[in-house]
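Remarks on the structure that follows.
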Amino acid sequence: MSPRRVEAEVVRDAILSVSGQLNPERGGPGFEDVSITPNNGTVYYEARDRDDPAVHRRTVYRFTPRGGRTAILDTFDCPDPSTAAPTRNVTTTPLQALSLLNNPFVLRMATRMAERIAGRVGEDVNSQVIRAWQLAIQRDPDPREQRLSIELVRQHGLATLCRGLFNINDFVIIE
């Protein structure tokens, strides 16, 4: 089987999970991450970036309107509910890497992941780096990765490493 990118929903859910923010609530009504504006018989949807545990549920519970799409999901080829297609598009584009580096949701979750790690292992940078790799990539960093990660944390902080880990192939590709 050849490597493939994971679906948009899985990327979002994985980011929520490793940051410790995934709301495990099952069933019930979905969450809305759009503003809904009725206007003369038409409804307009506009994406909203909310930092709210209610919207940190698995993406399968997301109310998916035919407009008001979210950037992180669109970038990773989340299907458009206004069109029918026999298969999902799968692309690899520079926009995906940029989204995983600059999207407000990703930035916030990287900070939460850093807080989660610091709360568990304290201020020891080496322990923070190892725990970050274990959470995000499910393995310890090799010696080179560990050395470079420690440098990055010392220069730019743990949240920067977490954001970088969200962007490496081992996080967004299934082999």
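The values are calculated or read from the model by the stated rules, or taken from the named source; none is laboratory data. Small disclaimer: the values here were computed from a predicted structure and weren't measured. FYI the Cβ positions are ideal-geometry reconstructions off the backbone, even for glycines, and counts take in every protein chain you see.
Quick notes
- Search result, residues across the range 127-173 that are among the aromatic types (Phe, Trp, Tyr) and either buried (at least 19 other Cβ atoms within 10 Å of the Cβ) or touching a strand residue (DSSP E or B) at 6+ places or on another chain (Cβ under 9 Å) (or both): Trp133, Phe166
- Listed by first and then second residue, the pairs with beta-carbon distance under 6 Å, at least 6 apart or on different chains, first residue in the range 12-41 and in a loop (DSSP other than H, G, I, E, B), second among the hydroxyl-bearing types (Ser, Thr, Tyr), are Gly30/Tyr61.
- Residue that is modelled with the highest pLDDT, among those in the range 80-110 that are buried (at least 17 other Cβ atoms within 10 Å of the Cβ) and over 18 Å from Leu22 (Cα atoms): Ser99
- Flag for Arg50 being at pLDDT 80 or above and either in a loop (DSSP other than H, G, I, E, B) or in contact with a Lys or Arg (Cβ under 9 Å, 6 or more places away or on another chain) (or both): no
- Where a residue in the range 148-171 is farther than 18 Å from Val6 by Cβ and its partner, wherever it lies, is modelled with pLDDT of 95 or more and not in a helix (DSSP H, G or I), with Cβ under 7 Å and at least six apart: Ser149/Pro141
- All told, Arg131 meets the bar of being under 20 Å from Arg108 (Cβ atoms) and either in a loop (DSSP other than H, G, I, E, B) or in the same structural domain as Arg108 (by TED's automatic domain parsing) (or both).
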